[in-house]
Every structure is written in C-alpha cells, then in structure tokens.
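Report on one structure; see the data block that follows.
The values are calculated or read from the model by the stated rules, or taken from the named source; none is laboratory data. Predicted model, so just to flag it, every value in this text is computed and none were measured. Because the Cβ atoms are built from the backbone with ideal geometry, glycine has one as well, and the counts that use them run over all protein chains shown.
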Amino acid sequence: MTVLDLPPGALVVVIGAAGSGKSTLAARHFSSAKVLASDDYRAAVSGDAADQSVTGDAFDRLHADLERRMAAGELTVIDATNVQGWARRRLLAAAARHGRPAVALVLALPLEISLARNAARAERRVPPSAVRRQDRFLRASLPRLGEEGYDAVVVLNTPDQVERLEVRRIPGKTNVPKERHPTL
C-alpha cells in the first residue's frame, strides 16, 4: 500500500495520459469541490468537454481558480494530463507564490491499459495517436519530476498500486509555509 500524507492547502498535480484513470482516482480520493478538471473547464467554455479548440480559455479559467484556491489555503487537485513540463511549471509556480506544498501523483500505467480504457469510453475518446504522444511525454518526464520542485512525487505503475493508494490529510493550519512540511 502507498500512503500519501497531504498537508492542508496542498496542490496535488495528477499526471497521466488520457485513459490512465486520473479522473477516477481524483473522484475516489477527493470531493468534487477540491478538483479542478480540464474537461469540466472545456465544458463550461464550449458546452463540450472534448472540445480542444477552447483549451486556452479553459486553462485560463482553471489557473484563475487555482490562484484563488492557493491564496485561500485550500487543498486543490488538478485533473489534467499534465504530461509536459511547461504545463506543470505553471501549476507549481502558483503553489510557490502562495507558499503551498505541491505533490505529483503520477499514473504511469502501461500504455496498453490507457489505450484500452480510452477506446472503451462512451464519450471523450481521445485519438490513440494523442494517447501515445502523452505517454511518451510522461515517460520522458519521469526521471526529472523529482527536480521540478514537488514536495513529494508518487508514481503508480499498475492498476493494483492505484487501487491500493491511501490518501490521508494531515491536520493543521492552512497558512503554514511549505518549508514547514518535512513529512512529505
């Protein structure tokens, strides 16, 4: 079993290719009020969660909400692929600006699993070529994630590891600076 202890006000960056189970994982461990999901923002902007043409506007809204939540010291989970370093840097910068701890929660499942799950979706199917590209970006990022500024990096490589993840909240004040969280 993998245990992830989260201090108050933490940023959790869920990282994984389409079909890896990011949204399912987020829903299992966090209330919907804590999760900022890129698909939800696309749906709010265009009425279609799969509409990639509104990604810029959707992420502008997501980042504005992230800033508000970090300033308020609220635990926040980002449910997006986050497989490219430039996307993660912007999220980490928000946490750093507000002195919040940041955790990478990585779903590095075998590509075949992500492709099969994506193909089985009734909605929001991503082209297989895009899933393969996301998986390549993810695999290339794995060796460097620990250097990006996260307080903790948790990599889950199998469905069993995902199933056995336990997320616990560390009680305390939300205004404690990041440096005061040595347990992560």
Query raised in the report: Within the set of pairs 6+ apart or on separate chains, which have a first residue in the range 13-24 that is touching a residue at least 40 places away in the same chain (Cβ under 8 Å) and more than 16 Å from ALA130 (Cα to Cα), a second that is of a type in the set (Phe, Trp, Tyr) and in a helix (DSSP H, G or I), and C-beta atoms under 6 Å apart?
Result: none
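For the structure I just gave you, tell me whether SER38 is modelled with pLDDT under 95 and on the phi < 0 side of the Ramachandran plot. Let's see the steps before the verdict.
Values: modelled with pLDDT under 95: yes; on the phi < 0 side of the Ramachandran plot: yes.
So SER38 passes the test.
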Query raised in the report: Are any of the residues in the range 130-138 under 27 Å from ASP5 (Cβ atoms) and either small (Gly, Ala, Ser) or surrounded by 13 or more Cβ atoms within 10 Å (Cβ to Cβ) (or both)?
Result: yes
Query raised in the report: If you scan the range 154-174, which residues turn out to be closer than 12 Å to ALA108 by Cα and either part of a loop (DSSP other than H, G, I, E, B) or among the β-branched types (Val, Ile, Thr) (or both)?
Result: VAL154, VAL155, ASN157, THR158, VAL162
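Within the group ARG121, ARG97, ARG125, ARG139, which residue is among the charged types (D, E, K, R), at pLDDT 95 or above and more than 17 Å from the chain's Cα centre (by Cα)?
Working: ARG121 fails: at pLDDT 95 or above; ARG125 fails: at pLDDT 95 or above; ARG139 fails: more than 17 Å from the chain's Cα centre (by Cα).
ARG97 is the lone residue from the list that is among the charged types (D, E, K, R), at pLDDT 95 or above and more than 17 Å from the chain's Cα centre (by Cα).
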Report task. Go through the range 1-45 and count every residue that is over 26 Å from PRO110 (Cα atoms), out of contact with any strand residue (DSSP E or B) (no Cβ under 9 Å at 6 or more places or on another chain) and either β-branched (Val, Ile, Thr) or buried (at least 21 other Cβ atoms within 10 Å of the Cβ) (or both). Result -> 3
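Every residue in the range 121-141 that is of a type in the set (D, E, K, R) and part of a helix (DSSP H, G or I), please. Before the answer, list the steps.
Applying the first criterion (of a type in the set (D, E, K, R)) to the range 121-141 yields 121, 123-125, 132-133, 135-136, 139.
Within the range 121-141, ARG132, ARG133, ASP135, ARG136, ARG139 qualify.
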Query - Unmet criterion (only one of (1) at pLDDT 90 or above; (2) surrounded by fewer than 22 Cβ atoms within 10 Å (Cβ to Cβ); (3) not in a helix (DSSP H, G or I)) for ASP48 - result: (1)
Query raised in the report: How many residues, within the range 80-120, are in contact with a Leu (Cβ under 6 Å, 6 or more places away or on another chain) and in a helix (DSSP H, G or I)?
Result: 2
Query - Matching entry among ALA94, ALA102 (being of a type outside the set (S, T, N, Q), touching a helix residue (DSSP H, G or I) at 6+ places or on another chain (Cβ under 6 Å), surrounded by 24 or more Cβ atoms within 10 Å (Cβ to Cβ) and more than 10 Å from ILE15 (Cβ to Cβ)) - result: ALA102
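Quick one: is ILE78 surrounded by fewer than 23 Cβ atoms within 10 Å (Cβ to Cβ) and within 21 Å of ASP39 (Cα to Cα)? I'd like the intermediate steps shown before the answer.
On the way: surrounded by fewer than 23 Cβ atoms within 10 Å (Cβ to Cβ): no; within 21 Å of ASP39 (Cα to Cα): yes.
No, not satisfied.
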Query raised in the report: Since ASP57 meets every condition but one in (1) acidic (Asp, Glu); (2) in contact with a strand residue (DSSP E or B) (Cβ under 7 Å, 6 or more places away or on another chain); (3) farther than 26 Å from PRO159 by Cβ, which condition does it not meet?
Result: (2)
